[in-house]
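Visitor: One structure coming up, written as structure tokens, with questions to follow.
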């Protein structure tokens, strides 16, 4: 008996609190910056594509909805020749972002992706690529990696010594 | 994992001993090191510098384990397991804290300079270093200092070089210099400055350099063509196949991704290729992805001067119309680069009298002789592993480094046996690589080479005799008569007329425990081959351990010799008509010229490689309909009226017969794309053998020696026999729902291959579990097991693979040797008119030709790989400087070589390491010209702009342009008449 009354009071109290739901779509709910929504491909601070087509996102994906094909640019960078995300399969789990060694693939707080035709949910590289660095502002993979590219020769990366002269007799 | 390793049926390894590892008692084989024992027991012990084929040097210190004196010893001492022989009652621990800590510290030191580039490294996901780092539990980098860096080198079209990744394990130089005998890769510098590379940037010379990608435990050397169409290892769909290039039948694993072949890796076959392949095998797969691959059936439309694309049904109808004409005189040409089934189907269609072999007559004759020998005498070819155990070798006029490269690698291992024997006397085990090489120094087993041009093997030869073919025959006759004397016991006092060379060869062969005779069909000289066989036969009677191997020229040419044998066995006068029964391409042209032929079916043969182009054009123009079944739009295919697209070795099942007489089965890596079908499938309705099983049974009934092939008809019963299908894809295969999404978001069902036991998907038993689930444990294409992602994991769990060989299904992995081994029959080797005597009938101004083989230029399909084609040498005729002086020729002169109906122009080069009075020309021209030609000077270098040119006058009929868009332009039959 007592518990029933307590229940009634608790429920009645809710009549006077602010509603948690919003009148979507007229009103938009707040989504935090790290909300897991639409996937984007970001660029490094110099404006170059971050994705090196290592395929780790693709293999981490539990629904196998990411397909990446590697190619190499004339300057020595690895790059995605094609990058396809099938959002009709994507479960927004964020494993791809976690797996990405270059902070290229990131999930954004955008969820408004509904389409009438399922085929339109297949996003390719041009649909995914944005012009900024996304959530991670300063990371530039090729500045850290020991791989030489045009404009960054061996020994120019962070924490690297100049290349060894193999013909030197000095110890 | 099995506790005991009793699987090997090898006599020496039956001896086992027991040891205690982490308080568990195991039985292991004697005579191995502790690391090998642990790995074969399936234990996880990290290592770098040890390699199953190259032994131990103890340089990386990664395989440290704790060894205890006795059961009371609790302190123990660290030992390098790769340098420690197993002994009875040994007590070791892999799991104890100190050895684990040692291994972690060691790898932390190894990793200090490793660049931060796994995402952009081709080795990533297939990296032994990644595996070992995780296995040693080195998860976080603690090194705060700066990393040393190195500059890279250009190493040619096959390999990338990224020295920053090096961990200084020395495997590359040990493989390249010690195992393959290469000299242009070396180690420079000291301490952490070690540099593994060439003295200067440049193409790696060794024909085995491609293996460095697999030998290197990390990404210093990576596969360059693979990098151009890269895919991670876990994404590759793999299947076990047999190499389609040379005659050795090495086992490969093909990796496929979205309809194209991405890479080839070695698939270990203990009797053939072991752990290594040659560059042609490793990189010669690009023809599968080539833009000239045929995709649809094509028909020449002579009225509209166009090429029409047909549907499969239309093509089938047209094919049966062409083949079933009542007046029809239908002739077929079989192929050396297709599976046996396809030639069998064609033979069934046209009958023996109408069936021609897709090789020159001279080649067919040699194959015929070889098959006869293997069948009738006690001589049968050895496996490559057996060759490695021999202790004296005579190579007779076959440049095996180029005609059968992997065989040359085995001969190099053979030559080490004298040194190994010395080491064994001192009690040093064969796997103690450094110690063995120190003891052996320059001691090599006797290797005598009779050749017409100094070869790569000369460097390890006791005696290399560069001789003109006629002198070679004299020498071999001397050897044969010396051996005969020995056999008959009529040993006379030393004869002055016999050369010292012959004596020393005979001495070495007779004093050896396992002498070996290597020869081949390269020289197209039947007299030389029969002499070699005669010598081998005599030697075999003197020493039953005598080995023999004759390298043939294409992946599957030996079985053509069997087709011939099958015919002559039925002939009324056996033996006497041998020579005339040869039905090669030269006989085909003769027949086309004399007889009106309605339909000519050409199966996977580019006739223009074997015959003079003008002569062939004329002969083909007389044929009413030409049907070509081929993978690629070759020059021959462009002459066809009907082209049927055939599957490549990556898309079809089938058997091939290696020059060892081993029948091997090759699985399809992917399903055929577009309208491609296996050639036997195109013919199956015509010959009324609709299923694979029926066809195979027909062939095995028809050709008695191929009888064992019927075991492969069981393929169709695989599904009944094994409860689980095998997955071609890995468990981690990615992007299944995205890879085709751009075309259609709805995922299509994987193509189900009902015939075979392997799936085109990840469904089924994964590779690493196959060893646990009999009877399908015999098809491990995908080398992966937990914690061992790289291909190096192969050396682990070897014991369980050996166990699988006992099962009925081992034929799928090991193949079947078809020639009898214990026959003691002795026949006289059939006598053919010698080429020499043939020549003497003609003018005296004829010059002897020789073939100068090259592994990058000689194999037809391999030439479609751009990387390999770029390594092929220029086409030149080489002459000894003295001979050139005599003939007043200089380097760069163009000469014309001609016979009655063939003519070829080539630029001369001078080569002092070849025989005199002999012109060496590329194999392709050699097969067209034959052994004896006349020559004339054509011009001096100033007058020619082209280095080489076809001198034959252009025929009036242009061959079809090599693009599908242009109409097929062979004149119709009506136009000609």
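The values are calculated or read from the model by the stated rules, or taken from the named source; none is laboratory data. Bear in mind that the values here come from a model prediction, so they are computed numbers and not experimental data. Ideal geometry is used to build each Cβ from the backbone, glycine not excepted, and the neighbour counts take in all protein chains shown.
Visitor: Name the single residue, out of those in region A:47-56 being over 12 Å from the mean Cα position of the chain (by Cα) and more than 9 Å from chain B (Cβ to nearest Cβ), that is surrounded by the fewest Cβ atoms within 10 Å (Cβ to Cβ).
Guide: Looking at the filtered set, the residue picked out is A:47.
Visitor: Now, a different point. Please find, among B:513, B:429, the residue that is touching a strand residue (DSSP E or B) at 6+ places or on another chain (Cβ under 8 Å) and assigned to a loop (DSSP other than H, G, I, E, B). Full working, then the answer.
Guide: Details: B:513 fails: touching a strand residue (DSSP E or B) at 6+ places or on another chain (Cβ under 8 Å).
Only one candidate qualifies: B:429.
Visitor: Within the bounds of region B:110-129, is there any residue that is part of a loop (DSSP other than H, G, I, E, B), surrounded by fewer than 22 Cβ atoms within 10 Å (Cβ to Cβ) and away from chain A (no Cβ under 14 Å)?
Guide: No; the residues of region B:110-129 include none that is part of a loop (DSSP other than H, G, I, E, B), surrounded by fewer than 22 Cβ atoms within 10 Å (Cβ to Cβ) and away from chain A (no Cβ under 14 Å).
Visitor: Scanning region A:136-150 for residues that are in a loop (DSSP other than H, G, I, E, B) and either surrounded by 14 or more Cβ atoms within 10 Å (Cβ to Cβ) or in contact with a helix residue (DSSP H, G or I) (Cβ under 9 Å, 6 or more places away or on another chain) (or both), which turns out farthest from the other protein chains (Cβ to nearest Cβ)? Walk me through it before giving the result.
Guide: Looking only at region A:136-150, we keep the residues that are in a loop (DSSP other than H, G, I, E, B), and these are A:136-140, A:145-148, A:150.
Within this subset, residues satisfying the condition of being either surrounded by 14 or more Cβ atoms within 10 Å (Cβ to Cβ) or in contact with a helix residue (DSSP H, G or I) (Cβ under 9 Å, 6 or more places away or on another chain) (or both) are A:136, A:139-140, A:145-148.
Values: A:136: 15, A:139: 12, A:140: 12, A:145: 4, A:146: 2, A:147: 4, A:148: 8 Å.
The qualifying residue farthest from the other protein chains (Cβ to nearest Cβ) is A:136.
Visitor: Could you identify the single residue in A:76, A:132, A:155, A:94 that is more than 10 Å from every other protein chain (Cβ to nearest Cβ) and at positive phi?
Guide: Values: A:76 fails: more than 10 Å from every other protein chain (Cβ to nearest Cβ); A:132 fails: at positive phi; A:155 fails: more than 10 Å from every other protein chain (Cβ to nearest Cβ).
That would be A:94, the only listed residue that is more than 10 Å from every other protein chain (Cβ to nearest Cβ) and at positive phi.
Visitor: Would you confirm, using the coordinates I've provided, whether residue A:26 is closer than 26 Å to residue B:746 by Cβ, more than 14 Å from every other protein chain (Cβ to nearest Cβ) and more than 16 Å from the chain's Cα centre (by Cα)? Steps first, please.
Guide: Numbers: closer than 26 Å to residue B:746 by Cβ: no; more than 14 Å from every other protein chain (Cβ to nearest Cβ): yes; more than 16 Å from the chain's Cα centre (by Cα): yes.
Taking the combined requirement at face value, the residue does not satisfy it.
Visitor: For region A:110-129, what are the residues that are touching a helix residue (DSSP H, G or I) at 6+ places or on another chain (Cβ under 8 Å) and either within 23 Å of residue A:59 (Cβ to Cβ) or within 12 Å of another protein chain (Cβ to nearest Cβ) (or both)?
Guide: Within region A:110-129, the first condition is being touching a helix residue (DSSP H, G or I) at 6+ places or on another chain (Cβ under 8 Å), and the residues that meet it are A:113, A:115.
Matches in region A:110-129: A:115 only.
Visitor: Continuing with this model, one more query. Of all residues being under 26 Å from the mean Cα position of the chain (by Cα) and surrounded by fewer than 18 Cβ atoms within 10 Å (Cβ to Cβ) in region B:445-476, which is farthest from residue B:529 (Cα to Cα)? Just the residue, please. Explain how you work it out, then say what you get.
Guide: Of all residues in region B:445-476, those under 26 Å from the mean Cα position of the chain (by Cα) come to B:445-461, B:464.
So of that shortlist, the ones also surrounded by fewer than 18 Cβ atoms within 10 Å (Cβ to Cβ) come out as B:458-459.
Numbers: B:458: 21, B:459: 25 Å.
Taking the candidates together, the pick is B:459.
Visitor: Of all residues in region A:57-68, which are under 13 Å from the mean Cα position of the chain (by Cα) and within 7 Å of chain B (Cβ to nearest Cβ)?
Guide: A:58, A:61, A:66
Visitor: Could you list, in sequence order, the residues of region B:132-161 that are touching a strand residue (DSSP E or B) at 6+ places or on another chain (Cβ under 7 Å) and either outside the structural domain of residue B:224 (by TED's automatic domain parsing) or under 19 Å from residue A:144 (Cβ atoms) (or both)? Please lay out each step first, then the result.
Guide: Let us first name the residues in region B:132-161 that are touching a strand residue (DSSP E or B) at 6+ places or on another chain (Cβ under 7 Å), namely B:146-153, B:155, B:159-161.
Those that are touching a strand residue (DSSP E or B) at 6+ places or on another chain (Cβ under 7 Å) and either outside the structural domain of residue B:224 (by TED's automatic domain parsing) or under 19 Å from residue A:144 (Cβ atoms) (or both): B:146, B:147, B:148, B:149, B:150, B:152.
Visitor: Test residue B:252 against the stated conditions and say whether it is modelled with pLDDT under 95, within 14 Å of another protein chain (Cβ to nearest Cβ) and within 23 Å of the chain's Cα centre (by Cα).
Guide: Details: modelled with pLDDT under 95: yes; within 14 Å of another protein chain (Cβ to nearest Cβ): no; within 23 Å of the chain's Cα centre (by Cα): yes.
Taking the combined requirement at face value, the residue does not satisfy it.
Visitor: Another one. Among B:190, B:258, which is out of contact with any helix residue (DSSP H, G or I) (no Cβ under 7 Å at 6 or more places or on another chain), within 11 Å of another protein chain (Cβ to nearest Cβ) and in contact (Cβ under 8 Å) with a residue 12 or more places away in the chain?
Guide: Values: B:190 fails: in contact (Cβ under 8 Å) with a residue 12 or more places away in the chain.
Among B:190, B:258, only B:258 is out of contact with any helix residue (DSSP H, G or I) (no Cβ under 7 Å at 6 or more places or on another chain), within 11 Å of another protein chain (Cβ to nearest Cβ) and in contact (Cβ under 8 Å) with a residue 12 or more places away in the chain.
Visitor: Can I ask one more? Can you pull out the residues in region B:195-243 that are touching a strand residue (DSSP E or B) at 6+ places or on another chain (Cβ under 8 Å) and over 22 Å from residue B:156 (Cβ atoms)?
Guide: Once the filter is applied, which keeps residues that are touching a strand residue (DSSP E or B) at 6+ places or on another chain (Cβ under 8 Å) and over 22 Å from residue B:156 (Cβ atoms), region B:195-243 yields B:231, B:233, B:235, B:236, B:237, B:238, B:239, B:240, B:241, B:242.
Visitor: Right, something else. Of the conditions (1) in contact (Cβ under 8 Å) with a residue 60 or more places away in the chain; (2) touching a strand residue (DSSP E or B) at 6+ places or on another chain (Cβ under 8 Å), residue A:47 fails just one. Which one is it?
Guide: (2)
Visitor: From B:213, B:239, which residue is assigned to a helix (DSSP H, G or I), more than 13 Å from chain A (Cβ to nearest Cβ) and either at pLDDT 95 or above or surrounded by 24 or more Cβ atoms within 10 Å (Cβ to Cβ) (or both)? Steps first, please.
Guide: Values: B:239 fails: assigned to a helix (DSSP H, G or I).
B:213 is the lone residue from the list that is assigned to a helix (DSSP H, G or I), more than 13 Å from chain A (Cβ to nearest Cβ) and either at pLDDT 95 or above or surrounded by 24 or more Cβ atoms within 10 Å (Cβ to Cβ) (or both).
Quick grid of which residues meet (1) modelled with pLDDT of 90 or more; (2) in a helix (DSSP H, G or I); (3) in contact with a helix residue (DSSP H, G or I) (Cβ under 7 Å, 6 or more places away or on another chain):
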{"position": "B:685", "(1), (2), (3)": "no, no, yes"}
{"position": "B:690", "(1), (2), (3)": "no, no, no"}
{"position": "B:698", "(1), (2), (3)": "yes, yes, yes"}
{"position": "B:714", "(1), (2), (3)": "no, yes, no"}
{"position": "B:720", "(1), (2), (3)": "no, yes, no"}
{"position": "B:724", "(1), (2), (3)": "no, no, no"}
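Visitor: Could you tell me how many of the residues in region B:1-29 are modelled with pLDDT of 90 or more and either assigned to a loop (DSSP other than H, G, I, E, B) or not assigned by TED's automatic domain parsing to the domain that holds residue B:103 (or both)?
Guide: Going through region B:1-29 one residue at a time, the tally reaches 2.
Visitor: For region B:666-678, indicate whether the set of residues that are assigned to a helix (DSSP H, G or I) and not assigned by TED's automatic domain parsing to the domain that holds residue B:407 is non-empty. If you could, list the steps in order and put the result at the bottom.
Guide: At the first step, the residues of region B:666-678 found to be assigned to a helix (DSSP H, G or I) are none.
Within region B:666-678, not a single residue is assigned to a helix (DSSP H, G or I) and not assigned by TED's automatic domain parsing to the domain that holds residue B:407.
Visitor: Buried (at least 20 other Cβ atoms within 10 Å of the Cβ) and touching a residue at least 12 places away in the same chain (Cβ under 8 Å): is that true of residue B:686 in this structure?
Guide: Details: buried (at least 20 other Cβ atoms within 10 Å of the Cβ): no; touching a residue at least 12 places away in the same chain (Cβ under 8 Å): yes.
Criteria not met by residue B:686.
Visitor: Could you figure out which of (1) facing another protein chain (nearest Cβ under 8 Å); (2) under 15 Å from the mean Cα position of the chain (by Cα) isn't true of residue A:107?
Guide: Evaluating residue A:107 over (1) facing another protein chain (nearest Cβ under 8 Å); (2) under 15 Å from the mean Cα position of the chain (by Cα) leaves (1) as the failure.
Visitor: Then there is this: Can you find a residue in region B:91-101 that is more than 20 Å from residue A:145 (Cα to Cα), under 39 Å from the mean Cα position of the chain (by Cα) and not assigned by TED's automatic domain parsing to the domain that holds residue B:432?
Guide: Filtering region B:91-101 for residues more than 20 Å from residue A:145 (Cα to Cα) gives B:91-101.
In the following step, the residues that additionally are under 39 Å from the mean Cα position of the chain (by Cα) were identified as none.
Looking through region B:91-101, none of the residues is more than 20 Å from residue A:145 (Cα to Cα), under 39 Å from the mean Cα position of the chain (by Cα) and not assigned by TED's automatic domain parsing to the domain that holds residue B:432.
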